[in-house]
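Below: one structure, written as structure tokens.
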Amino acid sequence: MKHALELVSLSLLVAVCWIGCIGMLRMRNATQALHFLSLPAGIGGALLPLVYLCAAGWTSATAKSVAIAFFLVAANSVVTHATARAFRVRNIGHWQPHAEDSVEFPLRGKTK
């Protein structure tokens with residue numbers, strides 16, 4: 001039973017990472033591809049300590065892998081946002097929204 005749980009968890013981890021990679025390759029631009037980074041970093045980062053826990057039991061290395069997984073999940077959105085902002089600065093030269101930018105903005109208090 002223990003080996004079956006390891007195999008299922010590891011297979012799910014590999015599948016999630018592959019889905020994220022394929023999704024990144026299929027997107028048209030870099031900011032769209034950033035959405036698929038959450039799969040390997042979030043779900044994959046949470047599954048890896050589970051696989052290690054099934055294989056080795058609860059040890060200090062397992063506790064460290066849980067702490068690293070928590071950091072990965074917590075920092076994922078911050079790093080993604082900073083990367084998207086860097087893409088925007090590189091493409092248009094600034095990060096604040098301006099009316100003359102060629103970026104689509106939602107209507108601000110206007111109704112049709």
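Pull out the extension gain between ALA75 and ILE92, defined as 0.36 nm times the separation in residues minus the alpha carbon to alpha carbon distance; nm, one decimal.
3.5 nm
For the chain, report the accessible area per residue in Å² (1.4 Å probe, heavy atoms, rounded to an integer).
On a per-residue basis, the chain sits at 76 Å².
Can you order the peptides 48-56, 11-19, 87-95 by their average number of other Cβ atoms within 10 Å per residue, highest first?
Ranked by mean Cβ neighbours within 10 Å, highest first: 48-56, 11-19, 87-95.
Compute the long axis of helix 45-56 from its Cα atoms, compare it with the longest principal axis of the Cα atoms of the chain, and write down the angle in degrees, 0 to 90, nearest 10.
Between helix and principal axis, roughly 10 degrees.
Can you give the helix-only mean residue ellipticity at 222 nm for the chain, where every DSSP H stretch with n ≥ 4 adds -39500 (n - 2.57) and the sum goes over all residues, rounded to the nearest 500 deg cm²/dmol?
-22500 deg cm²/dmol
Once you order the gyration tensor axes a ≥ b ≥ c over the Cα atoms, which shape class does the range 47-86 get: rounded for a/c under 1.5, otherwise prolate or oblate by comparing a/b with b/c?
The shape class here is prolate.
Ratio of alpha-carbon Rg to the 2.2 N^0.38 Å globular estimate for the chain, to two decimals, please.
Scaled against compact globular proteins, the figure is 1.46.
Once you place label points 7 Å from the Cα toward the Cβ at ALA67 and LEU7, how far apart are they in nm?
3.4 nm
For the range 1-50, which whole-number percentage of the solvent-accessible area (1.4 Å probe, protein heavy atoms only) is attributable to carbon and sulfur atoms?
Carbon plus sulfur share of accessible area: 77 percent.
The values are calculated or read from the model by the stated rules, or taken from the named source; none is laboratory data. Just so you know, these numbers come straight off a predicted model, no measurement behind them. Virtual Cβ from ideal backbone geometry, glycine too; neighbours counted across all protein chains shown. We work out accessible area using only protein heavy atoms, side chains counted, and drop any ligands, DNA or RNA first. Shrake-Rupley method; radii C 1.70, N 1.55, O 1.52, S 1.80 Å.
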